[in-house]
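The values are calculated or read from the model by the stated rules, or taken from the named source; none is laboratory data. No experiment lies behind these values; they were computed from the predicted model shown. Backbone-built Cβ (ideal geometry, glycine too); neighbour counts: all protein chains shown. Note: areas computed on protein heavy atoms with side chains; ligands, DNA, RNA excluded. Shrake-Rupley method; radii C 1.70, N 1.55, O 1.52, S 1.80 Å.
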Amino acid sequence: MRKVVVLLILIACLLYVGWYYIGQRIGNLPAISLVPADAVFIIQTDEPIASWREISRSNIWHHLRKQPYFAALTQGANELDSIIEKNNELFKLLGSRQVSVSAHVYKPMDYDFLFVVDLESAARLTFLQEYLVGLPFPGFNLAKREFEGTAIYEFRNRKSGALIAVAFVENLLLCSFQGKLVENALLQRQSPQLLQNQKFVQVNSKTSDSGLFKLFVNYAYLDDYFRCYMPSNDFLDGISKELAFTGSNIYIQNDDWLQLSGLTNLPDSIHSYYRALLQAGQGRMSVHELLPQQTANYLTLTCKDFAVFYQSFEQKYKENAAAWSDYQRNVQQIERFLKLNFRESFIDWIGEEVAIAQLLPESGRSEKDYAVFIKAKDESIGREKLDLVGEQIRKRTPLKLIETEYKGYPIKYLTVKFFFRLFLEKLFKKLERPYFTYIEDYVVFSNHPQTLKNIIDNYQAGRTLSALPGFNELIDQCSRAGNIFIYAQMPVLFPTMRSMVSPATWATMNANQAYINCFEHIGLQLIGDEETFDTRLWVRFNPQATSPSFVAISHTVNTDSLEEQTESGSADVIINDLHAKVQVEYYSNGVKKREIEIRDGFKHGDYREYHPNGRIKVRGRYRNDKADGIWRYYDTDGSEIVKKRFENGIEMQQ
């Protein structure tokens with residue numbers, strides 16, 4: 001089908017060559033003028049041949065063309081490339097013309113494309129349409145119908161019923177696989193809605209003609225587009241309402257970087273995080289110096305004055321009377337019970353950066369790990385304010401602020417639902433009862449104590465994103481001062497995406513994993529500039545990038561590998577709840593796997609581990625999270641095979 005579309009466009013262009021010498025130009029409609037206002041995104045170029053040459057010769061294209069999923073597209077692209085090479089002089093005449101390709105959701109859960117090509121003078125030739133309908137297209141039936149005074153030619157595949165619709169308007173050729181999209185384009189002739197949208201006009205006027213092509217994004221319809229692949233979610237629903245348009249240029253740099261540079265604007269009269277950040281000024285980002293290398297993705301918000309940001313953020317609450325009433329009631333309740341000023345205790349100490357990260361869970365845990373990083377104005381003030389909150393909770397309520405320590409870092413757990421979500425509700429949505437610690441001048445929150453331990457371990461070992469070579473190349477291209485930075489590490493993010501998309505989409509993604517993970521590091525930065533955001537995107541291409549490989553810890557006891565397995569007394573145990581007294585785990589068949597006594601979030605007391613047949617496997621004790629005393633190991637029949645003695649986690653000689 002795509003080959004036929006290319007052929008139709010080439011025919012029209014070839015006819016232009018004849019008219020080039022004998023005709024005169026009529027009509028001067030820009031291709032963008034017939035693009036309907038519901039376009040999700042628009043790709044536009046004035047140099048389609050030159051742009052195609054650069055793309056087709058890049059390492060990125062040569063890698064993607066191997067993908068079986070794109071076999072048909074690759075074959076058509078190769079044929080187009082061959083035609084260009086064999087008709088070089090001809091295409092010198094045709095290279096400079098405007099082409100737009102736009103995507104439209106034309107029915108729920110489905111979208112398609114509209115192609116608009118500026119044929120210039122060729123469109124005037126009346127014999128063009130006659131020649132077109134007279135061409136033989138084996139396997140296709142041709143029909144002609146009128147719509148709003150314009151002829152639409154429809155080529156329908158006799159076997160599949162698939163359709164290609166073509167129409168001519170002055171100097172423009174319209175083409176789509178959906179006749180409805182051609183009709184919608186024809187309706188724009190008298191009243192081009194997109195060009196009447198001042199937000200689009202703003203980004204269009206400020207988007208240069210440099211780069212391979214222009215890319216426009218219409219956020220109002222972005223959520224509808226993504227619903228074709230995944231269920232709706234708050235993030236996409238939010239940006240569909242809170243952003244207007246992005247206009248940008250696309251570049252390929254050094255054959256291993258895709259870059260986007262452009263402008264993003266906001267709808268009028270909508271209070272949002274984005275408008276609040278514009279008003280609060282630019283801040284510096286540094287959370288990547290703490291984030292571990294197994295970070296799948298993160299979003300960081302930076303501003304010069306967080307108090308100004310939060311004041312504007314409260315305006316968004318006020319748009320919803322019920323939400324604003326609930327917010328005020330919750331704040332007043334906290335202030336009344338704890339005898340604290342809410343803004344002083346939770347807002348005024350926050351510095352330039354607030355970030356949320358998704359980390360790939362370790363040791364085989366299936367749930368997603370999230371962490372929130374809040375930078376304090378200085379290293380002590382965040383601790384001081386939150387410690388005061390904890391002290392007031394201890395004094396005035398029956399709730400507990402449980403605290404323990406790990407490698408010199410305090411880990412605290414606040415046993416009250418929704419407490420932290422009051423002041424950054426979207427960031428804390430997944431952290432209803434968060435654990436938290438302090439690292440440098442950041443307060444770090446998580447939904448799991450083991451996540452905090454992993455962050456601490458990696459930070460102490462220097463295994464942070466800032467030490468990751470590919471990430472370093474990306475961050476060096478960014479401005480350290482800005483407002484929003486979004487990062488994704490595709491080989492780490494990929495395994496976590498299954499729950500985000502539909503089963504059909506996941507099957508396709510899984511079959512093409514190597515062609516997704518090759519875009520290894522992706523970074524998007526928005527830098528506020530009065531009423532708009534300077535928008536930059538970097539995508540690092542690495543065909544060797546693969547998904548991380550996690551090897552589950554073996555719990556099989558055998559004399560050959562016992563020394564390696566039991567150096568610290570037992571396999572690593574993840575404590576799921578800091579205030580639990582005992583943790584019991586089970587095999588998938590319901591048989592008890594192990595039972596651990598706990599104190600303040602650490603292993604302390606008896607430890608029992610069992611074989612899948614239910615017989616005892618390991619028996620020992622912990623003291624302050626370290627193996628202590630006599631540990632006994634048993635085979636699957638329950639016979640003791642090894643006995644070891646530990647002191648403070650260190651094996652002692654018998």
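Descriptive notes on the structure:
- With all protein chains in place and a 1.4 Å probe, the accessible surface of the stretch 159-250 carries 52 percent carbon and sulfur.
- Protection proxy ranking of 152-159, 324-331 - average other beta-carbon atoms within 10 Å, highest first: 152-159, 324-331
- Within the shell defined by Cβ-Cβ distances under 12 Å, the residues around M490 carry a net charge of 0, with Lys and Arg each +1 and Asp and Glu each -1.
- K407 accessible area, 1.4 Å probe, all protein chains in place, Å² to nearest 10: 110 Å²
- Peptides ranked, highest mean first, by Cβ atoms within 10 Å: ranges 459-470, 284-295, 262-273: 284-295, 262-273, 459-470
- Sorting 484-492, 138-146 by average packing, meaning the other beta carbons within 10 Å per residue, from highest down gives 484-492, 138-146.
- Gyration tensor (alpha-carbon) shape descriptor, the stretch 150-234, a/c threshold 1.5: oblate
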